[in-house]
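All remarks here apply to the structure that follows.
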Amino acid sequence: MKKKLLMAAALALACVASVSAWEHTAGVEISAPFFSISAKGDGNKGVIEPQFTARYFGKAKNGFCVSATLGAGLPVSKDFALDGESKSKIGFGMGLALGAGYAFELNERFTLAALGSVSLDWLRFKYKKEISARTSTGSVSSEWTQSDNALFVGLGAELLAKFKLAKHISLMGSCAIRFLDGGTLWKSGTNQGKSYDATYDLRGNVIVTPSLGASWTF
């Protein structure tokens, strides 16, 4: 994994060093990543995360382009829950994605870019359940609390479109498909006064991220 990242970074730096004139674009997008995750020993999990994302897109005169996004949102899933529960849970998540590729100017207003990309995502779910039991002396209540943290890397590609409305204002839309290249799920909690924790490897599956937003070119 480290070798892949180092090679991608070296290629990007070499391309950047070979050009001097850049067009810079910064914008805000609404995106909805869908995560299909397989946790070894803990089953498959599906998550959708509506989020707000900030994006930088840079394009050189020779067509080389780079992209960087940073987003935060509220992931929703039925698969991150306490045993025996099936209600959808809402958590918190953040994601960072970096890409590099080539941009085609189809006309004065429309630009289409194809990029290879790598992403780093973090998802957190936290929940609590009241537990009550009857004894010979009456009713006894306790809590079951748990937090799940998932951190994983995705590698894939992104197709980005930019439509210029005015000299500096554009609409931008994209769709990224990345495949899970490695990750870990940590579970920790307390059940009726007893603490526990567990770690699971995240395997395979896919991350699909559509997005749409507005941007400013300078």
Heavy atoms only, 1.4 Å probe, whole protein assembly: order CYS175, CYS65 by accessible area, highest first. CYS175, CYS65
Just tell me the longest site-free run in the chain, where the sites are trypsin sites (Lys or Arg not before Pro) in a DSSP loop having at most 14 other beta-carbon atoms within 10 Å. 110-166
Please state the charge dipole magnitude for the chain, taken about the Cα centre, from unit charges on C-beta atoms (+1 on K and R, -1 on D and E), reported in debye and rounded to the nearest 20. 100
With every protein chain kept in place and a 1.4 Å probe, the residues MET172, MET94 fall, from largest accessible area down, as MET94, MET172
Placing each pseudo-label 7 Å from Cα in the direction of the beta carbon, ILE30 and GLN192 end up separated by a distance in nanometres of 4.6
Relative to the present Cα-Cα distance, how much length would full extension add between VAL208 and ALA161 at 0.36 nm per residue of separation? 15.3 nm
Per residue accessible area in Å² of the chain, where ligands, DNA and RNA are left out and the probe is 1.4 Å: 56
Histogram of C-alpha separations across segment 25-123, 5 Å bin width, %: 3, 12, 18, 18, 14, 12, 9, 7, 4, 2, 1, 0
Binned at 5 Å from 0, what are the whole-percent values of the Cα-Cα distance distribution for segment 65-154, short to long? 3, 11, 14, 13, 11, 11, 9, 8, 6, 5, 3, 2, 2, 1, 1, 0, 0
Over all pairs of distinct alpha carbons, what does the Kirkwood formula give as the hydrodynamic radius of segment 154-206, in Å? 15.1
If each of LEU171 and SER147 carries a label point 7 Å out from its Cα toward its Cβ, how far apart are those two points in nm? 4.1
Percent carbon-and-sulfur accessible area, the chain, ignoring ligands, DNA and RNA, probe 1.4 Å: 64
Under the rule of -39500 (n - 2.57) per DSSP H run of 4 or more residues, summed and divided by the residues of the chain, what mean residue ellipticity at 222 nm is obtained, to the nearest 500 deg cm²/dmol? -2500 deg cm²/dmol
Once R0 is set to 25 Å, what does the formula 1/(1 + (r/R0)^6) return for the Cβ-Cβ distance between LYS87 and PHE179, expressed as a FRET efficiency to the nearest 0.05? 0.25
What are the extents of the Cα atoms of the chain along their three principal axes, listed from largest to smallest and rounded to whole Å? 80, 38, 21
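The values are calculated or read from the model by the stated rules, or taken from the named source; none is laboratory data. Everything numeric in this text was worked out from a predicted model, so none of it was measured. Positions of Cβ are generated from backbone atoms using ideal geometry, with glycine treated the same way; all protein chains shown enter the neighbour counts. When the accessible area is computed, the model is the full protein with side chains, heavy atoms only, and any ligands, DNA or RNA have been set aside. Shrake-Rupley method; radii C 1.70, N 1.55, O 1.52, S 1.80 Å.
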